[in-house]
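One structure below.
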């Protein structure tokens, strides 16, 4: 008999699962290429601070829904939905899965909507809502596309045949469908409820967020044996193409979202 979703869930969220990943992605010294690439990211992001500041001052319209309006109630509803499901996930999975990129992006969406709902009352909340606008939108887009078009199939074929039915049940349970599928329309809804054009400031902020998460993943999560994203390993020369490919993916998502929302 195949394991049920709860049993499969406990296996997928345990360190033993990562033993299936090739050892060169889990152990060994860093490639010198990783130092150069990560250092280059930092230099580029720091060099663009003046342009980012100018874009924020000139191009970012700070928009908050009016309390009581339809857009405000829908924004509150999205924030409440994300919070309620987060509470269920913490109870069911504990807190550590929230360190994954997927659930951090889910949390960004929740915070973005909460700040937008409070923006009429607080200038700080209004600014935070605009800062989180594109990180939430890009995070949902990348999560949905990468998981549904790539990662779920990779995991499925890495698993032994007797564990695949359990993974399918796990993948299609209510919580997973929310964070891997419904997160995308919710993120776009949060944008269109208080729409504005996406500008360079949004791209820069999201680049900083992704760079920060990459460092957090490498130095904290991966270093402790939780190899959630083996392609992000700094131990192979291929990391040059992976890290720069992520930047290219971010820019592509930025242009795609610009085209969709404008």
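Quick check on the range 238-255. Is at least one of its residues surrounded by fewer than 13 Cβ atoms within 10 Å (Cβ to Cβ) and over 30 Å from residue 59 (Cβ atoms)?
So far as the range 238-255 goes, no, none of its residues is surrounded by fewer than 13 Cβ atoms within 10 Å (Cβ to Cβ) and over 30 Å from residue 59 (Cβ atoms).
Among 253, 242, which is touching a residue at least 12 places away in the same chain (Cβ under 8 Å), under 26 Å from residue 97 (Cβ atoms) and part of a helix (DSSP H, G or I)?
Working: 242 fails: touching a residue at least 12 places away in the same chain (Cβ under 8 Å).
When all the criteria are applied, what remains is 253.
Got at least one residue in the range 184-200 being in a helix (DSSP H, G or I), within 28 Å of residue 157 (Cα to Cα) and touching a residue at least 40 places away in the same chain (Cβ under 8 Å)?
Within the range 184-200 (the criterion being in a helix (DSSP H, G or I), within 28 Å of residue 157 (Cα to Cα) and touching a residue at least 40 places away in the same chain (Cβ under 8 Å)), the answer is yes, since at least one residue qualifies.
Hey, does the range 119-130 have a residue that's more than 19 Å from residue 83 (Cα to Cα), assigned to a helix (DSSP H, G or I), in contact (Cβ under 8 Å) with a residue 40 or more places away in the chain and within 21 Å of the chain's Cα centre (by Cα)?
For the range 119-130, residues more than 19 Å from residue 83 (Cα to Cα), assigned to a helix (DSSP H, G or I), in contact (Cβ under 8 Å) with a residue 40 or more places away in the chain and within 21 Å of the chain's Cα centre (by Cα): present.
Tally time: how many residues in the range 224-239 are farther than 15 Å from residue 213 by Cα and either touching a residue at least 24 places away in the same chain (Cβ under 8 Å) or not in a loop (DSSP other than H, G, I, E, B) (or both)?
6
Among the listed residues 161, 165, 197, which satisfies the condition of being modelled with pLDDT under 95, within 14 Å of residue 62 (Cβ to Cβ) and surrounded by fewer than 19 Cβ atoms within 10 Å (Cβ to Cβ)? Before the answer, list the steps.
Values: 161 fails: within 14 Å of residue 62 (Cβ to Cβ); 165 fails: within 14 Å of residue 62 (Cβ to Cβ).
Unique residue meeting the criteria: 197.
List every residue pair whose Cβ atoms sit under 8 Å apart, with the two residues 6 or more apart in sequence or on different chains, where the first one lies in the range 82-95 and is without any contact (Cβ under 8 Å) to a residue 12 or more places away in the chain and the second, anywhere, is assigned to a helix (DSSP H, G or I) and surrounded by 14 or more Cβ atoms within 10 Å (Cβ to Cβ).
Pairs that qualify, where the first residue is without any contact (Cβ under 8 Å) to a residue 12 or more places away in the chain and the partner is assigned to a helix (DSSP H, G or I) and surrounded by 14 or more Cβ atoms within 10 Å (Cβ to Cβ), are 90/98.
When you go through 97, 67 one by one, which is the residue that is surrounded by 12 or more Cβ atoms within 10 Å (Cβ to Cβ) and not in a helix (DSSP H, G or I)?
Values: 97 fails: not in a helix (DSSP H, G or I).
Answer to the selection: 67.
Only one of these conditions is not met by residue 145: (1) surrounded by fewer than 17 Cβ atoms within 10 Å (Cβ to Cβ); (2) touching a residue at least 12 places away in the same chain (Cβ under 8 Å); (3) under 16 Å from the mean Cα position of the chain (by Cα). Which number is it?
So residue 145 meets the others, but not (2).
The values are calculated or read from the model by the stated rules, or taken from the named source; none is laboratory data. Keep in mind it's a predicted model, so treat the numbers as computed, not measured. Every residue, glycine as well, gets a Cβ built from its backbone with ideal geometry; the counts of neighbours run over all protein chains shown.
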